[in-house]
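Step one of this worksheet: look at the structure below.
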Amino acid sequence: MRIPARHAPHLFALFMSLAMALVMTAYITWVNTGLGDGYLGRWVYAFFMAWPLAMVCVLLFAGPIRALIAKLITR
C-alpha cells in the first residue's frame, strides 16, 4: 500500500511523536518511579497522556524549526 506524498508531513508527525513519546515517557517514568512493580502500567499511562501532546508539538513546531535551521546553516 502506497500513501500519497501529500500526507508525508502528517505521517512524519505521527511517527516522530510516537518514537519521542515512547522513549521519553519510558525514561522519565523509570527515573521518577523506578523499575519496580507497576512500572509498565505507569509507563503506559504516561505514554498515552504524552503522545497526543507530542503529536501536536511536532505538527506546530516542525515547520518553524525547519525555517530556523535553514537560516542558521550556510549553503
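The values are calculated or read from the model by the stated rules, or taken from the named source; none is laboratory data. This structure is a prediction, so every number in the text was calculated from the model and none was measured. Glycine gets a Cβ as well: all are built from the backbone with ideal geometry, and neighbour counts include every protein chain shown.
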### Query
Under the condition of being under 20 Å from PRO9 (Cβ atoms) and either in contact with a Lys or Arg (Cβ under 6 Å, 6 or more places away or on another chain) or of a type in the set (Val, Ile, Thr) (or both), which residue from the stretch 52-75 is surrounded by the fewest Cβ atoms within 10 Å (Cβ to Cβ)?
ILE69
### Query
With respect to ALA21, is the statement that it is in a helix (DSSP H, G or I) and modelled with pLDDT under 95 true?
no
### Summary
Across the stretch 34-51, the tally of residues that are in a helix (DSSP H, G or I) and either modelled with pLDDT under 95 or exposed (fewer than 11 other Cβ atoms within 10 Å of the Cβ) (or both) stands at 1
